[in-house]
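*Asks:* The structure's right below; bear with me while I get my questions together.
The values are calculated or read from the model by the stated rules, or taken from the named source; none is laboratory data. All values reported here derive from a predicted model rather than from experimental measurement. Methodologically, a virtual Cβ is constructed for each residue, glycine included, from the backbone with ideal geometry; neighbour enumeration extends over all protein chains shown.
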Amino acid sequence: MSNKNLYIESLRALGGKKNKNNEIDFITSDLLIRHKSTRIEYTVLKAIIKDGKPCVIAYRYYGPKFNKKMHVLITPDEFDSYEPV
């Protein structure tokens, strides 16, 4: 089994759903992670394979009325900077 398939199957086992673009969508809306040093919380949107490595796309709302959405791409070397909420 290739590394890419191993990543995909591991993420699917954690509750992800594979979509038509070969990405993993997490079907729960409350999968939160927190950046350890800033304590900012993000909602995980999907996990993807980029350049042969698993990455996570997450988002958070910001602004005076929390009506603006910001997306972040979290790479494997940044995984240790985040924790589950």
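*Asks:* Just need a number here: residues in the range 11-33 that are out of contact with any helix residue (DSSP H, G or I) (no Cβ under 9 Å at 6 or more places or on another chain), modelled with pLDDT of 70 or more and either of a type in the set (A, V, I, L, M, F, W, C) or assigned to a helix (DSSP H, G or I) (or both).
*Replies:* Total satisfying the criteria: 3.
*Asks:* Note down all Cβ pairs under 9 Å where the first residue falls in the range 48-67 and is closer than 12 Å to Glu23 by Cα, the second is of a type in the set (Lys, Arg) and assigned to a strand (DSSP E or B), and they're at least six residues apart or on different chains.
*Replies:* Note: pairs meeting the criteria are Val56/Lys46; Ile57/Lys46.
*Asks:* Can you find, within the range 16-33, the residue that is nearest to Ser2 (Cα to Cα) among those that are among the acidic types (Asp, Glu) and surrounded by 12 or more Cβ atoms within 10 Å (Cβ to Cβ)? If you could, list the steps in order and put the result at the bottom.
*Replies:* Kept after step one, since they are among the acidic types (Asp, Glu), are these residues of the range 16-33: 23, 25, 30.
Of the ones still in play, those that are also surrounded by 12 or more Cβ atoms within 10 Å (Cβ to Cβ) are 23, 25.
Details: Glu23: 16, Asp25: 20 Å.
By that ranking, first place goes to Glu23.
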